[in-house]
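Read the figures in this text as sums done on the coordinates, not as results from a lab. Remember, it's a predicted structure, so these values are computed and weren't measured experimentally. Reconstructed Cβ throughout: ideal geometry from the backbone, glycine too, with neighbour counts over all protein chains shown.
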Amino acid sequence: MPTPTLADLSIRRLSLRDLGACADLSEDRGWPREEHKWSFLLTAGKGYGIDDPEGGLVSACVVTEYGLRDRPDLAAIGMVLVAERHARKGIGRRLMQHVVSEMGSTPLTLHATPYGRPLYEELGFKVTGRAEMLRGHFTPGGPAPQGATRAATAEDLGAILRLDEEVFGTDRTHIVTRLPAFADRLCVAEEDGRIVGYAAAWPNMDTHVIGPLIARDTETAKALLASLAAHTDRPLRTDIDVRHEELLAWAKERGLASVALNSVMTYGVPDLPGDWTRRFAPVTVAAG
């Protein structure tokens with residue numbers, strides 16, 4: 001029997017049974033294995049992959065939909081990976097074309113590295129923003145941020161969901177309700193008994209990722225970030241919308257250094273929905 005060519009290999013849906021193969025693919029490309037994140041994405045979203053006849057995956061990605069189940073308002077694409085031995089053979093383009101076709105008229109978004117951006121532009125994605133990735137040990141100092149923060153409780157979930165939908169511009173119940181189990185810490189900011197912001201810190205290998213970070217204003221965002229930093233000894237990582245210049249400058253003064261600048265891209269919509277002025281950082285760049 002002749003060996004199938006890469007073009008003959010079918011694209012299939014992935015599940016949690018593929019977690020190890022997805023982590024292996026990350027490691028193959030020099031990324032951390034990130035099994036905790038892969039598990040979250042494969043259960044909250046849809047995974048797509050191409051099997052390697054010799055074992056493992058040739059390529060994979062995840063799509064996280066928001067809004068109504070049968071008519072999503074937006075879908076985020078992330079974790080687009082091609083095994084090193086099959087790189088630069090058009091496989092990533094084929095997988096992305098499949099996903100774009102599968103999503104039909106649903107608007108799409110993704111965070112693109114400088115390496116991946118040309119491919120997405122060829123497929124019709126447009127740059128609509130940028131996010132700066134920061135990483136480092138947070139060092140307290142200077143005036144304390146203004147705003148009362150505390151650990152979130154089960155009773156806060158309804159208010160968090162309402163705030164999230166208002167700021168994000170579409171329903172993310174399937175993401176937000178997973179945060180208490182996914183994150184090591186979830187906290188809220190309050191004013192006069194009303195929740196005006198919330199944020200999570202979730203474990204990713206040797207770091208804690210801060211995301212989502214939603215807040216009424218920059219001072220509230222600072223207070224949430226500082227509160228989460230106070231409960232971990234790990235380095236922090238977060239991806240902040242570059243329009244939030246004051247928060248970026250403050251975080252850098254506190255020990256977080258810039259490690260990457262990625263493009264926020266959209267397809268089928270001129271910009272992301274919601275209120276960017278209160279949306280400081282995504283849950284993860286792989287899911288928006």
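Angle check, please: helix 218-229 long axis (alpha carbons) against the longest principal axis of the chain (alpha carbons), in degrees 0 to 90, nearest 10.
In the chain, helix 218-229 runs at an angle near 80 degrees to the longest axis.
Identify the residues of segment 108-133 with backbone N under 11 Å of a label point that sits 7 angstrom from the Cα of ALA260 along the Cα-to-Cβ direction, or state none.
Hits in segment 108-133 for ALA260 at 11 Å: 111-116, 132-133.
In Å, what Kirkwood hydrodynamic radius results for segment 1-148 from the alpha-carbon pair distances?
This gives a value of 17.1 Å.
Relative contact order for segment 134-260: what is it in percent, counting Cα pairs under 8 Å that are at least 6 residues apart?
Values: 214 pairs, mean separation 43.8, N = 127.
So the answer I get is 34 percent.
With each label point set 7 Å from Cα along the Cα-Cβ vector, what nm distance links ARG13 and TRP276?
3.4
Over all distinct Cα pairs, what is the inverse of the mean 1/r for the chain, reported as the Kirkwood hydrodynamic radius in Å? Could the numbers behind the result be given before it?
Details: mean 1/r = 0.0512 Å⁻¹.
Across the chain, the inverse of the average 1/r is 19.5 Å.
How many Lys pairs in the chain lie less than 27 angstrom apart by Cα atoms, where the lysines are 8 or more positions apart or on different chains?
Lysine pair count for the chain: 8.
Give the residue from VAL127, LEU224, TYR198 lying farthest towards the positive end of the charge dipole for the chain; charges sit on Cβ (+1 for Lys and Arg, -1 for Asp and Glu) and the dipole is referred to the Cα centre.
The residue sitting most towards the positive pole is VAL127.
About the Cα centre of segment 96-158, what is the dipole size in debye to 20, counting +1 per Lys and Arg Cβ and -1 per Asp and Glu Cβ, all else neutral? Display every interim value, and only then the final one.
Details: 5 positive and 6 negative charges, 50 e Å.
Magnitude of the dipole: close to 240 debye.
Please give the Cα centre distance for segment 90-161 versus segment 7-38, rounded to the nearest Å.
Cα centroid of segment 90-161 versus Cα centroid of segment 7-38: 19 Å apart.
When the label point is put 7 Å from the Cα of ALA181 along its Cα-to-beta-carbon vector, which residues of segment 198-231 have a backbone N closer than 17 Å?
Inside the label zone: 202-203.
With a 10 Å radius around each residue's Cβ, average the other Cβ atoms per peptide and rank 209-215, 244-250, highest first. Show your work: numbers first, answer last.
On the way: 209-215: 27.3, 244-250: 17.0.
So the order, starting with the most tightly packed, is 209-215, 244-250.
Helix 35-44 versus the longest principal axis of the chain: what angle, 0 to 90°, nearest 10, using Cα atoms?
Computed tilt is about 80 degrees.
Consider just the alpha-carbon atoms of segment 134-260 and return their Rg together with their Dmax, both in angstrom.
13.7, 38
Where does the chain land at 222 nm, in deg cm²/dmol rounded to the nearest 500, when only DSSP H runs of n ≥ 4 count, each adding -39500 (n - 2.57), divided by all residues?
-8000 deg cm²/dmol
Would you work out the charge dipole size for the chain about its Cα centre, treating the Cβ of every Lys and Arg as +1 and the Cβ of every Asp and Glu as -1, and quote it to the nearest 20 debye?
Values: 33 positive and 39 negative charges, 80 e Å.
My answer is approximately 380 debye.
Using Stokes-Einstein with the Kirkwood hydrodynamic radius over Cα pairs, what translational diffusion coefficient do you get for segment 209-288 at 4 °C and a viscosity of 1.567 mPa s, in µm²/s rounded to a whole number? Don't skip to the answer; put the middle values down first.
Values: Rh = 13.4 Å.
It comes out at roughly 97 µm²/s.
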